[in-house]
Amino acid sequence: MNPIEIAVKNAHRDERAARFLITICGIGAALVPFFIGGFLLLKGSDTFLLFGHSLGEFLLSGQWAPSDTAVGGGHVGAAMFLSGSLVTCGLALLISLPLSISTAIFMTEIASPRTRRLIQPAVELFTGIPSVVYGWIGLTVLIPFLRHFFTMPYGFSLLAAGCVLAVMVFPTITTMSADAMAAVPKTWREASYGLGATRWETIARIVIPAARGGIFTGIILGLARALGEALAVAMVIGQMKVFPTSLFLPASTLTTAIASDMGGAMEGGEYSAALWTMALLLFLLSFLFIFVIHRINRASQLKGRS
Amino acid sequence: MSRIQHKKKVDKIMTALFFGGTAFAVILLVAFIGFVIVQGFGVMTPDMLSFSGSGLGNMLFNTLYLVFLALLFSMLTGVPAGIFLAEYAHQGKVTHWVRMAIETLASLPSIVVGLFGYLAFIVMTGSQWNLFAGSLAVSILTLPLVTSVTEDALRNLPSSYRQGSLGLGASHWQTIWRVLVPACFPRIMTGLIMAAGRGFGEAAALMFTAGMSTDINWNNWDITSASCPLNPFRPGETLALHIWSLRTEALHPNAAQLASVSSAILMVLVVSFSLAARYISWRLDKKMGGTNS
């Protein structure tokens, strides 16, 4: 064979090998969440299969007293953690949403390009700030501050957790919403102005409705981040195992219960099984969020096409 | 006329509201960073940074070492996965499925990844808490970012690169390896720097994988020994985790100061990496824009 034939043959061999390896890596990376889901299912199902609790008890009952043994026989009602998670996330969205949306509107519709170039990196910088730092500042600055202004027994409270989470989800919602608003065609705005609308009317009637899909995606990603945050919340919520009844009282969430109790629970016991089931619940919820985002995107794509 | 005036008034009020909201948020955030850094460096004493006892030097070293390992792992799988999505995958069910799986990975709570790491890398291998397991857990968290950055970088290259290489007779793989990947190397680097920023602050995923203790001896360079700094199979507490444990355990008399200093160091690391990534991509955009136009 002449050298060219050999080179071509080698190139073909390399091509096949590379395609094979690259595909393995791609599929392998995609399998990681399935592995995680599989392991969580394996461990989390013990609560129901091994210790014989019902799904209804786990999700709806408020009796939380799992026994830390492999024998079982305790109560695994996680409703207080679930409701704690939902209340803190809701509170965080409530605080953060007005600020995020107005920042996004200001960035895309009102600010000059110069100002936007200053604000945008500043906002994006905050996605990277470590959650324990948020937690630490919440613990040392926010809690004394709240205690100063409200009458509350400890300072550790749902309100503090909501505030810390609000700061954490702010950059996520803001960047996603601003991207969606910036993607609204300029001609639509010009048409609106041309019909005599003011800027506020253009924003409220044209830009926000057109960017709805992106704003929702941002909200859901923010919600996912708030739901999954463990340590920052654990540092300020007070971790009292009660139902979230007052904004000014401590409570617990799914993540804080896992973070604080998993280390001490006996491997293979009912307590650790219940905590694994809570982790499984978190996994399923974040999967649900991604699913919802895909549905929103597909719906807005179909609408755009017709 | 009054209707128009009314509309103008509403417009002004709303503009003021949006401006006010933005100003409040941005000032709050900037004050936050400034506060953490100023407060931390204000209470810092030289012995806090030492590499022994209650000093933070060991934790800082653990953090850097763990992030380095994590980036190595997520580069080894994330970059090929990105190449797969951009170059080899066909538009279809499998690709859609792979993309969705990687997105799910990106939104997983880090504590869930930490629990998975604990089960898969600690319990099932029968080992003690170690840095290696911690870096694998962090690499799972940074994998989606590295993958999507690589894919975007490859997709955004001018198609003339690909056509030029293929036209000269190079195979698809030769084109990818010799032309496309080198051309988007700076973009991939930027992605890795961003991923490092995320890794520095990770704590929840490390609680049950890297462990909360550090026992290293800086004179021991036998890599198989448990007290050798470079041995990845030893427990290693990172700075972020140290802040958490200082708050719950309060082992040291000056726990609050140590946590403040740790926060400030982490903040400086994260902010400088983020600014570096931004600077590189800004330079790149300028350069690319310059040659194309």
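Quick look at the values:
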| read-out | value |
| --- | --- |
| Ascending count of other beta-carbon atoms within 10 Å, so fewest first, for A:267, B:87, A:57 | A:267, A:57, B:87 |
| Residue mean of other protein chain beta carbons inside 10 Å, B:79-88 | 6 |
| Equivalent-ellipsoid semi-axes of the protein assembly as shown, from the Cα gyration tensor, Å, largest first | 37, 35, 26 |
| Where Rh is the Kirkwood radius over Cα pairs, Rg/Rh for the range B:43-292 | 1.04 |
| Computed helical MRE - 222 nm, chain A, DSSP H runs ≥ 4 contributing -39500 (n - 2.57), nearest 500 | -22500 deg cm²/dmol |
| Local net charge near residue A:78, Cβ-Cβ under 12 Å (Lys/Arg +1, Asp/Glu -1) | -1 |
| Axial C-alpha extent at least 15 Å, average Kyte-Doolittle at least 0.5 - helices from chain A (DSSP) | A:3-44, A:79-105, A:158-182, A:212-228, A:270-305 |
| Per residue, the convex hull volume that the Cα atoms of the range A:243-290 enclose (Å³) | 96 |
| Long-range Cα-Cα pairs in the range B:54-188 (distance over 26 Å), rounded percent | 37 |
| Whole-percent pair-distance distribution, where bins are 20 Å wide, for the alpha carbons of chain A | 26, 46, 23, 5, 0 |
| Which listed pairs, of B:12/B:286; A:186/B:12; A:43/A:241; A:186/B:8, have C-alpha distances above 25 Å, in listed order | B:12/B:286 |
| Neighbour-count ranking [beta-carbon atoms within 10 angstrom, fewest first] of A:86, A:221, A:55, B:143 | A:55, A:86, A:221, B:143 |
| Relative contact order computed over chain A (Cα-Cα under 8 Å; 6+ residues apart), in percent | 26 |
| Extreme residue, positive dipole direction of the range B:43-292, given options B:101, B:220, B:121 (C-beta unit charges) | B:101 |
| Distance cut-off 22 Å, percentage of C-alpha pairs in the range A:159-273 lying past it | 54 |
| Convex hull per residue volume in Å³, alpha carbons only, for the range A:1-53 | 59 |
| Distant-in-sequence amide H partners of residue A:65 (H built 1.01 Å from N, under 5 Å) | A:75, A:76, A:77 |
| Order by protection proxy (mean Cβ within 10 Å, highest first), peptides A:30-41, B:118-129, A:208-219 | A:208-219, A:30-41, B:118-129 |
| Size-normalised alpha-carbon gyration radius of the range A:121-225, reference 2.2 N^0.38 Å | 1.44 |
| Gaussian network model of chain A, springs between alpha carbon atoms under 10 Å - residue of A:53, A:12, A:294 with greatest fluctuation | A:12 |
| Rounded if a/c under 1.5, otherwise prolate or oblate - the range A:3-149, Cα gyration tensor axes | oblate |
| Selected from B:182, B:236, B:211, residue furthest toward positive end of dipole (the range B:155-293; charges at beta carbon) | B:182 |
| Axial C-alpha extent at least 20 Å, average Kyte-Doolittle at least -1.0 - helices from chain B (DSSP) | B:2-42, B:57-83, B:93-107, B:131-155, B:185-201, B:255-292 |
| Sorted by Cβ density within 10 Å, fewest first, the residues A:300, B:263, A:102 | A:300, A:102, B:263 |
| Most mobile listed residue (A:151, A:23, A:255) in chain A, GNM with C-alpha springs under 10 Å | A:23 |
| Test item: A:103-113 mean partner chain Cβ contacts at 10 Å | 4 |
| Average other protein chain Cβ within 10 Å of Cβ, residues A:17-25 | 6 |
| Rg in Å to one decimal, and Dmax rounded to a whole Å, for the range B:1-49 via C-alpha atoms | 21.2, 72 |
| Relative contact order (%) - the range B:43-292, alpha-carbon pairs under 8 angstrom, separation at least six | 25 |
| Residue with peak Gaussian network fluctuation, chain B [Cα springs, cutoff 10 Å], from B:201, B:134, B:42 | B:42 |
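Readers should treat all values here as calculations from the given coordinates under stated rules, not as data from a laboratory. The structure displayed is predicted, hence computed values, not measured ones. We place every Cβ from the backbone using ideal geometry, glycine too, and count neighbours over all the protein chains shown.
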